[in-house]
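Just so you know, all these numbers are worked out from the coordinates, no wet-lab data involved. This one's a predicted model, so the numbers in the text were calculated from it and none came from an experiment. Positions of Cβ are generated from backbone atoms using ideal geometry, with glycine treated the same way; all protein chains shown enter the neighbour counts.
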Amino acid sequence: AFIDGSIVLAGDIVSVKAALDQNNGGSTGSIDPGLANQISSLGANDDAWFVSSAPVSSLLPANVLGSGGGGLPGPAGQILGTVQSFSGGVKFGESTQLTAELVENSPQNAAALGSVVQLLVGMVSMNAGTNAPKNPQLAVLLPLLQSLKVTTNGNNVDLALSVPESQLELLAGSHSGN
């Protein structure tokens, strides 16, 4: 649902209706002040952004987090399930900046999540390295993925990626078949 020209609500119908009722027709005065500050900061710094104050576990079906089979295995599902809130943004320019912040329920879980992200990047890089010469899109994506910066600070896990315009053009060209 569109609240105004710059804010969109997404979720199940009951949650969206409740948020619209609480929002009083588009005023951010009735939302949590911390969330309002985060919205203001993201909106001032990024061209496109998202924010959620809801824990990841409340947004995904239980089987995605590992219980009930078919979800993320053990520790990965448990670590993702402890993310309390998240946000991110995109700033376009000569080099497009992509950022995300995930807030965990403890510094230990933040460190674990940061390590899992770094491990996944390493595994993808290792497996994709042999296929990169055969796949031009993968050859462009691999160095970008390897340049992902993952930092932790207390309960926060910060992800940052800078994508030069020339690499975006290469990706767009290889995807469209040009």
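Computed values, structure above
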quantity: Virtual spin-label span in nm between V90 and A36, 7 Å along Cα→Cβ; calculated: 2.9
quantity: For region 107-114, Karplus couplings with θ = phi - 60° (6.51, -1.76, 1.60), whole Hz, Gly/Pro x; calculated: x, 5, 5, 5, 4, 5, 5, x
quantity: Gained length - Q97 relative to L119, 0.36 nm times residue gap less alpha-carbon distance; calculated: 5.7 nm
quantity: Amide H partners (placed H, <5 Å) of V83, local residues excluded; calculated: V56, S57
quantity: Sorted peptide list for 10-21, 157-168, criterion being average Cβ within 10 angstrom, highest first; calculated: 157-168, 10-21
quantity: For G154, net neighbour charge (Lys/Arg +1, Asp/Glu -1) across residues whose Cβ lies under 12 Å away; calculated: -3
quantity: Net charge, K91 excluded, C-beta distance under 13 Å - Lys, Arg +1, Asp, Glu -1; calculated: -4
quantity: Summed residue charge, Cβ within 13 Å of Q118's Cβ, Lys/Arg positive, Asp/Glu negative; calculated: 0
